[in-house]
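For reference, the structure is listed below as structure tokens.
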Amino acid sequence: MKKILFITGTRADFGKLKALIRTTEDSGLFEPYIYVTGMHLLATFGYTYYEVLKERYKNTYVAFGTSVTQDMAGNLGTAVNMLTGYVQHIPPDMIIVHGDRTDALAGAIVGAFNNICVAHIEGGEVSGTIDESTRHAVSKFAHLHLVCNESAKTRLIQMGEEPDRIFILGSPDIDIMLSDKLPTLAEARKRYDIHFDKYAILIYHPVTTEADNLGKDIACILSAAQKSGQNYIVVYPNNDFGFEQILNAYKELPGDNRFRVIPSLRFEHFLTLLKNADFIIGNSSAGIREACIYGIPSIDIGSRQKGRYSDEIMKNIQHVDCGEEAILRAVSGVDACRVKGSYYGDGHSAERFMNIITTPRLWNLQLQKQFVDLGLPETEPR
């Protein structure tokens, strides 16, 4: 059987990969391996590698020796080193990476440099900060693209990717979102000691290209949250540069039981809490992608998700700059934004994934890619 290596570095990408890993393992046609690294290994964020181990996949490797710091360039070098050794030990026939994190870039580099087919999930999308550059770099190293929609496919073609290497998969986490296997709200509240019935979810990540403003921005957001009179489930940010400023601000929140700060949530429990929230606020992609599936109002603050959505298509989102008055106005207007959408998929990604990877032609694609020129005029040689 062909070996397929899935790389997960965060709680978020694991949520995207779970349905694909399970359907691959259950098929009996492939031998999946799961490589666990990155944020999963950090105590500050709840040692989320335990959540991967709880799934009891047959082949799971936790890269405990990996060093994860706020130095993103250093993390990339360490991740490439560690993963190279593991890949040489297996070796896999395909490496699957997701999104725009350092771990995905490491997987794409290691695969491409070792002549291993790399499949990239959710390429061709745009976002703010350094993440967008990382995502596009992963796409250029990848040999196959499993995208969410036609817009992402079009962008990859603009980037010179061959159309027959691009497959519309949809966002795989929607399979779990629309399943009947989520915990109940009572179970989620009990697991995370949440005492209030009505609440919003707040997730705010560092914007690495605007690090100088981070302290002021998170103070503004928390001040608005306190003045709003709402209850909040506050989830830790990712570990990008500056995250400690956000955590320090959370430590200063008043102990009035209106804020429940949690380092990390199991993906299914997060979905249940999101599905029942009054709204989600911050700059997490969950406010862009997952919130629209459930029709949960989203308040998107700042530039991190800039260009990732259209106001005309995704009517559940209000975009605001980081100002207290603007945030409070958006909070007062959430009830008008309870609009569902299916811009990123329909819940059948795992089925499509199996159809794609069982296609013989897929395994015969040349690893040497060619840049596809979009009819640009030829220039005279210098």
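Points worth noting:
- Put a plus charge on the Cβ of each Lys and Arg, a minus charge on the Cβ of each Asp and Glu, and nothing anywhere else: the dipole of the chain about its Cα centre is then about 820 debye.
- Cα gyration tensor shape of region 153-283, rounded if a/c is under 1.5, else prolate or oblate by comparing a/b with b/c: oblate
- Each principal axis of the Cα cloud of region 42-84 was evaluated for its coordinate range; sorted largest first, these ranges are 32, 26, 12 Å.
- Anisotropy class of region 249-382 from Cα gyration tensor, a/c 1.5 cut: prolate
- Kirkwood Rh and Cα Rg combined as Rg/Rh, region 3-100: 0.95
- Those residues of region 68-84 whose amide nitrogen sits under 13 Å from the label point placed on Ser133, 7 Å along Cα→Cβ: 72-73
- From the coordinates shown, semi-axes √(5λ) of the Cα gyration tensor in Å corresponds to which of (i) 40, 27, 17; (ii) 34, 23, 21; (iii) 47, 20, 19: (ii)
- Alpha carbon centroid spacing (whole Å) that separates region 5-64 from region 181-199: 24 Å
- Crossing angle, helix 11-27 versus the chain [Cα axis fit, 0-90 degrees, rounded to tens]: 50 degrees
- Cα gyration tensor shape of region 129-199, rounded if a/c is under 1.5, else prolate or oblate by comparing a/b with b/c: prolate
- Segment Ile313-Ile168, extension gain: residue separation times 0.36 nm, minus the distance between their alpha carbons: 50.3 nm
- FRET efficiency, Asn257 to Asp212 (Cβ-Cβ, R0 25 Å, nearest 0.05): 0.15
- Helix-only mean residue ellipticity at 222 nm for the chain, each DSSP H run of n ≥ 4 adding -39500 (n - 2.57), per residue, nearest 500: -11000 deg cm²/dmol
- Two-site label geometry, Ala219 and Leu367: point separation in nm, points 7 Å out along Cα→Cβ: 5.3 nm
- Build a GNM of the chain with springs between Cα atoms under 10 Å apart, and of Ala200, Ala43, Ala291 the one that fluctuates most is Ala43.
- Rounded to 10°, Cα long-axis angle of helix 72-89 versus longest principal axis of the chain: 50 degrees
Just so you know, all these numbers are worked out from the coordinates, no wet-lab data involved. It should be emphasised that the depicted structure is a prediction, and the values quoted were computed from it without experimental measurement. Neighbour counts are summed over all protein chains in view; Cβ atoms, including those assigned to glycine, are modelled from backbone coordinates with ideal geometry.
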